[in-house]
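*Asks:* Got a structure for you, questions after.
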Amino acid sequence: MAFSEQTSAGAPARTRRPPAPRRGKRTRAGYGFVGGYLVLLLLFGVAPTVYAVWLAITNSGGQLVGIGNFTQVFGDYRFLPAFENVAIYLVIWMVVLVVFVMGLALMLHGRLRRASSVARFVFYLPGALAGAASALVWMFMLDPSVSPVSWLLHDLGFSSFANVIAPQQLPMVFAVMAFWTGAGGWIVVMYGALNNIPAELIEAARLDGANVLKTAWYVQIPMLRKWIAYMLILAFATGAQLFVEPQLVGEASLGEVSNSWSPNQLAYQFAFHANNFNDASAVSIDLLILCLACAALVVFKSGLFEVER
């Protein structure tokens, strides 16, 4: 803040400005924070990925085979069904996630604002359970013989746990599990994003005659486009790596669910049952390429990294 001094004759002296903050200290602090992240990224992200790529293009003797491992796993009878299962699951999971997360966040932000704190806490609670614990809870809930909602399961035509986890219903079952554990955190995130929308825009939309639905569709949701894109990228990456739920359900059902239902399970079978880490790495790289391609598509279509002016 600028200030002036009076000379002995009473005339104002030249204006002085306080010294500018030293940028070097702030710059070093920024490099320190980013540097720590980069070290962890290199150790636990880049290095394992490079090693997996090397395994995927070599054989057990360390000789280069190019795309030989990729061709081999693609020809495996379990490869395409595993990716098809996860593709169906991802479509259900991501549609349910976007619709219900946005709907609940908008409802909490609008009609239920007084009770929103309690509701957000309740929604977030299931996320405190790890994937394995969540799967165990849902196996209990979906077993008509012990479930507290067995009457509902019987009304839906399910008389046993085997009926519930029939192959054609597994994508929906796993989508319900994923939504229960993962949606609460995204509801909290979207609620916070809605708070950043200027109240003047909402008021202007109402003055123009927009009702609650039109305000949400034409004002609020478009302004959350980047947040929704970010949610889709992370949800897709998490869903494509599905492993715990089908693995536990398969063991609990004594083999009713295939041990290669998902690509991650197939990679596990290659690595720890066939002792073939090269083919397992090839499956992992296939998953990585798929996730990166879909993430790039969402980023470019949504303008996630565009700077707003």
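The values are calculated or read from the model by the stated rules, or taken from the named source; none is laboratory data. Treat the numbers as computed from the prediction; the structure is a model and nothing was measured. For neighbour counting, all protein chains shown are included, and Cβ atoms are generated from backbone atoms with ideal geometry for every residue, glycine included. These area figures cover heavy atoms from the full protein model, side chains too; ligands, DNA and RNA do not enter into them. Shrake-Rupley method; radii C 1.70, N 1.55, O 1.52, S 1.80 Å.
*Asks:* Counting only residues 5 or more places away or on other chains, whose amide H sits under 5 Å from the amide H of I57 once H atoms are built in the peptide plane?
*Replies:* none
*Asks:* Related question: Only helices at least 18 Å long along their axis, Cα-based, and averaging 0.5 or more on Kyte-Doolittle count here, so list those DSSP H runs from the chain.
*Replies:* TM-like helix candidates: 79-110, 170-195, 225-240, 277-302.
*Asks:* As a test of reading the structure, rank T58, T238, T27 by solvent-accessible area (1.4 Å probe, protein chains only), most first.
*Replies:* Correct descending sequence by accessible area is T238, T27, T58.
*Asks:* Set the Förster radius R0 to 35 Å, insert the Cβ-Cβ distance between L136 and I88 as r into 1/(1 + (r/R0)^6), and round the FRET efficiency to 0.05. Write out the running numbers ahead of the final one.
*Replies:* Details: r = 24 Å, r/R0 = 0.67.
Efficiency, rounded to the nearest 0.05: 0.90.
*Asks:* Using 0.36 nm times the number of residues separating D208 and Y51, minus their current alpha carbon distance, what extension gain do you get?
*Replies:* This chain segment gains 50.7 nm when fully extended.
*Asks:* Can you give the accessible area of D279 in Å² (nearest 10), computed on protein heavy atoms with a 1.4 Å probe?
*Replies:* Near enough 0 Å² of accessible area.
*Asks:* Using helices alone, I'd like the mean residue ellipticity at 222 nm for the chain: each DSSP H run of four-plus residues gives -39500 (n - 2.57), total over residue count, nearest 500.
*Replies:* So the calculated ellipticity at 222 nm is -20500 deg cm²/dmol.
*Asks:* At S145 and M172, where each label point lies 7 Å from the Cα along Cα→Cβ, what is the point-to-point distance in nanometres?
*Replies:* Distance between label points: 2.3 nm.
*Asks:* Relative contact order of the stretch 49-178, please, whole-number percent, based on alpha carbon pairs below 8 angstrom and at least 6 residues apart.
*Replies:* Working: 67 pairs, mean separation 28.0, N = 130.
Once normalised by length, the contact order is 22 percent.
*Asks:* While we're here: Accessible area per residue of the stretch 179-285 at 1.4 Å probe, in Å²?
*Replies:* About 49 Å² of surface per residue is accessible.
*Asks:* Could you work out which residue, out of N264, N211, N69, moves most in a Gaussian network model of the chain, that is, has the largest mean-square fluctuation with Cα springs under 10 Å?
*Replies:* Largest GNM mean-square fluctuation: N211.
*Asks:* Which of G36, G239, G66 moves most in a GNM of the chain, Cα contacts under 10 Å?
*Replies:* Of G36, G239, G66, the most mobile in the Gaussian network model is G36.
*Asks:* Keeping all protein chains in place and using 1.4 angstrom, which order do I187, I88, I202 fall into by accessible surface area, from largest down?
*Replies:* Output order, biggest surface exposure first: I88, I202, I187.
*Asks:* Report the net charge of residues surrounding V137, where surrounding means a beta-carbon distance below 15 angstrom and charges are Lys +1, Arg +1, Asp -1, Glu -1.
*Replies:* For residues surrounding V137, the net value is -2.
*Asks:* So for the chain, averaging the separation of alpha carbon pairs under 8 Å that are six or more residues apart and normalising by length, what relative contact order in percent results?
*Replies:* 23 percent
*Asks:* Go ahead and set up a Gaussian network model of the chain, Cα springs under 10 Å, then flag whichever of V173, V65, V188 fluctuates most.
*Replies:* Comparing V173, V65, V188 in the GNM, the peak value goes to V65.
*Asks:* First compute the accessible area of the stretch 120-200 with a 1.4 Å probe, then give the percent of it belonging to carbon and sulfur atoms. Could the numbers behind the result be given before it?
*Replies:* Values: 2860 of 4120 Å².
Taking all protein chains in place, the stretch 120-200 shows 69 percent carbon and sulfur surface.
*Asks:* Sticking with this one: Under the definition of Cα pairs under 8 Å and six or more residues apart, what whole-number percent is the relative contact order of the stretch 221-309?
*Replies:* 30 percent
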